Amino acid sequence: MQATEWLVLNALPGLGTQRIARLAEQSPEWPGGWLALLPRQAASELRLWLDHPGRSPLQSMLENNLAWEAASSRRALLHPGHSAWPGLLGEIADPPPVLWAQGDLAALSLPGLAMVGTRHPTSEGAQNAQAFARDFASRGWCVVSGMALGVDAMAQRAALDAGGASIAVLASGIDSIYPARHRDLYQRLSDTSGGLVLAEHPLGTQARPAFFPRRNRIVTGLSLGTLVVEAAEKSGSLVSARLALEQGRELFAIPSSVHNLQAHGCLRLLRNGATLARSSQDILDELQHWAETFMPPVPVNGQSKAAAERMHTRPQAAPLPLREEELPDELLGLLGEAPMPIDRLVQLADIAVSECQRRLLMLELDNHVEQRSGGWVRLTKP
């Protein structure tokens with residue numbers, strides 16, 4: 001399948017990344033096989049475009065995206081089967097069908113380390129972010145992050161300053177810069193050798209709160225490991241940490257003083273089993289055996305050879321269900337002040353574990369719930 005087909009699938013109503021991924025596993029022929037598998041409304045929209053493209057709103061969408069790609073040699077529409085498609089994304093439960101890419105695609109051929117942290121780092125946290133990023137960049141690694149304020153942007157700037165590679169994954173369309181104050185970093189990543197910007201949302205999409213956890217799964221999914229540099233107890237970086245573990249990736253955290261409130265999240269991660277990172281060597285000791293086998297993505301049934309080999313030895317995240325509808329706030333109604341184990345919550349809500357975990361992540365990011373010893377509780381004052 002080509003970029004056109006993946007763009008169409010991505011735009012069909014009633015579908016989402018999970019369902020598209022699960023259908024793609026069946027390797028249906030285009031277009032007949034997909035028409036047989038798609039829900040009725042999606043199949044109807046696809047058939048209209050196939051038979052009468054001029055009458056379908058999908059046609060103008062396609063023309064706009066293909067024109068965007070053709071406007072610069074540093075732009076690409078990545079999809080499974082594309083020569084630069086990051087095979088590591090094939091290991092996560094809900095990979096994006098399409099990635100809008102702007103910059104140097106060679107960055108995807110390097111072993112990646114996700115670096116995340118607070119938007120308000122201490123001077124120590126800022127120094128650590130820059131030092132670790134510079135060191136990994138000089139060793140031929142790619143620093144992957146979200147171009148957010150604080151640790152993310154500091155690490156990415158440091159990697160580029162060291163002449164290395166860095167990938168930013170946006171929580172918006174590729175043509176929307178968020179935060180706006182990072183326009184210079186966006187341009188640098190787009191124009192510099194080793195820099196790359198990725199987005200899974202269509203052109204013109206503005207950043208929304210719900211998009212950030214979705215963005216984080218790509219940041220961690222592109223990386224062999226995730227380093228939390230500095231994070232408070234309620235930091236959104238802890239969402240990335242949990243996603244990394246669910247994806248079967250290595251998780252690292254930098255220790256700090258117990259008096260540093262901006263590092264309490266890291267201390268919690270270390271207490272719960274994250275690998276302590278005193279220097280880049282601590283991380284390399286855990287990841288170098290993966291990095292040594294890392295190679296530029298050469299698709300093999302939708303995955304790179306290196307990704308396929310790793311799948312046999314690294315634990316995989318459980319596949320997410322096909323249902324794409326957003327849960328109402330019924331989870332909040334089931335929680336109270338007493339911690340409730342997730343298995344009990346799953347039973348009461350009658351949903352899959354993975355679906356429950358995803359909803360809890362969203363609620364936790366909005367400060368509606370909190371995980372404590374014994375389970376999850378509802379916060380009375382979000």
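Which shape class, rounded, prolate or oblate, goes with the chain when its Cα gyration tensor gives a ≥ b ≥ c as root eigenvalues, a/c under 1.5 marks rounded, and past that a/b bigger than b/c marks prolate?
On the way: a/c = 1.68, a/b = 1.19, b/c = 1.41.
Note, shape of the chain comes out oblate.
Quick check on the chain: of the DSSP beta bridges with both residues there, what percent are antiparallel, nearest 5%? Before the final figure, lay out each step's value.
Numbers: 15 of 37 bridges.
Around 40 percent of the beta bridges assigned by DSSP in the chain are antiparallel ones.
Starting from the residue with the highest accessible area, list SER235, SER123, SER166 in decreasing order, probe 1.4 Å. The partial results should precede the final answer.
Numbers: SER235 20, SER123 85, SER166 0 Å².
The most accessible residue leads, giving SER123, SER235, SER166.
Need the full-extension length gain, LEU48 to GLN2, defined as separation in residues times 0.36 nm minus the C-alpha distance. One decimal, nm.
14.7 nm
Report the gain in length on full extension from THR192 to LEU149: 0.36 nm times residue separation, minus Cα-Cα distance, nm rounded to one decimal.
Details: separation 43, 0.36 × 43 = 15.48 nm, distance 2.03 nm.
That pair, THR192 and LEU149, stretches by 13.4 nm at full extension.
Quick check for you: with a 1.4 Å probe and neighbouring chains kept, what is the accessible area per residue of the chain, in Å²?
It amounts to 43 Å² per residue over the chain.
Quick check: from the Cα gyration tensor, does segment 114-239 come out rounded (a/c under 1.5), prolate or oblate?
On the way: a/c = 1.58, a/b = 1.16, b/c = 1.36.
In terms of gyration-tensor shape, oblate.
Show that you can apply the helix-only estimate: for the chain, add -39,500 (n - 2.57) for every DSSP H stretch of four or more residues, divide by all residues, and state [θ] at 222 nm to the nearest 500.
So the helix-based figure for the chain works out to -12000 deg cm²/dmol.
Would you please state which residues of segment 145-181 a label at LEU203 would reach in this model, taking the label point 7 Å out along Cα→Cβ and a backbone N cut-off of under 12 Å?
174-176
Connecting C-alpha atoms closer than 10 Å in a GNM of the chain, tell me which of VAL144, VAL353, VAL116 has the biggest fluctuation.
VAL353
Considering the chain as a Gaussian network with a 10 Å cut-off on Cα pairs, which listed residue, SER27, SER109, SER138, attains the greatest mean-square fluctuation?
In this elastic network of the chain, the residue with the biggest mean-square fluctuation among SER27, SER109, SER138 is SER27.
For the chain, set up a GNM with springs between Cα atoms under 10 Å and report which of SER56, SER237, SER280 has the largest fluctuation.
Sorting by GNM fluctuation, first place goes to SER56.
Per residue of segment 27-44, in order, report the coupling 6.51 cos²θ - 1.76 cosθ + 1.60 (Karplus, θ = phi - 60°) as ³J(HN,Hα) in whole Hz, putting x for Gly and Pro.
In residue order, the calculated couplings are 6, x, 6, 9, x, x, x, 5, 4, 6, 9, 6, x, 4, 5, 5, 5, 5 Hz.
Based on Cβ point charges of +1 for Lys and Arg and -1 for Asp and Glu, what charge dipole magnitude is obtained for segment 89-180 about its Cα centre, in debye rounded to the nearest 20?
Dipole size: approximately 180 debye.
What does the highest-first list of 149-156, 261-268, 86-93 look like by mean Cβ count within 10 Å?
149-156, 86-93, 261-268
Label-point separation (nm) for LEU66 and GLN371, each offset 7 Å from Cα along Cα-to-Cβ?
Taking the two extended label points, one gets 4.5 nm.
May I ask you to order 190-203, 30-43 by the average number of other C-beta atoms within 10 Å around their residues, highest value first?
Highest mean packing first, the order is 190-203, 30-43.
In debye, nearest 20, what is the charge dipole magnitude of the chain about its Cα centre with +1 on Lys and Arg Cβ and -1 on Asp and Glu Cβ, if you could check?
My answer is approximately 360 debye.
Among LEU243, ALA231, ALA199, pick out the residue whose Cα is farthest towards the positive end of the charge dipole of the chain, where Lys and Arg carry +1 and Asp and Glu carry -1 on C-beta, about the Cα centre.
Checking the options against the dipole of the chain, the answer is ALA231.
The values are calculated or read from the model by the stated rules, or taken from the named source; none is laboratory data. Please read all numbers here as calculations on a predicted model, not as lab measurements. Note: ideal-geometry Cβ built from the backbone for every residue, glycine included; neighbour counts use all protein chains shown. Each accessible area value is taken on the protein alone, full model and side chains, heavy atoms only, with ligands, DNA and RNA left out. Shrake-Rupley method; radii C 1.70, N 1.55, O 1.52, S 1.80 Å.
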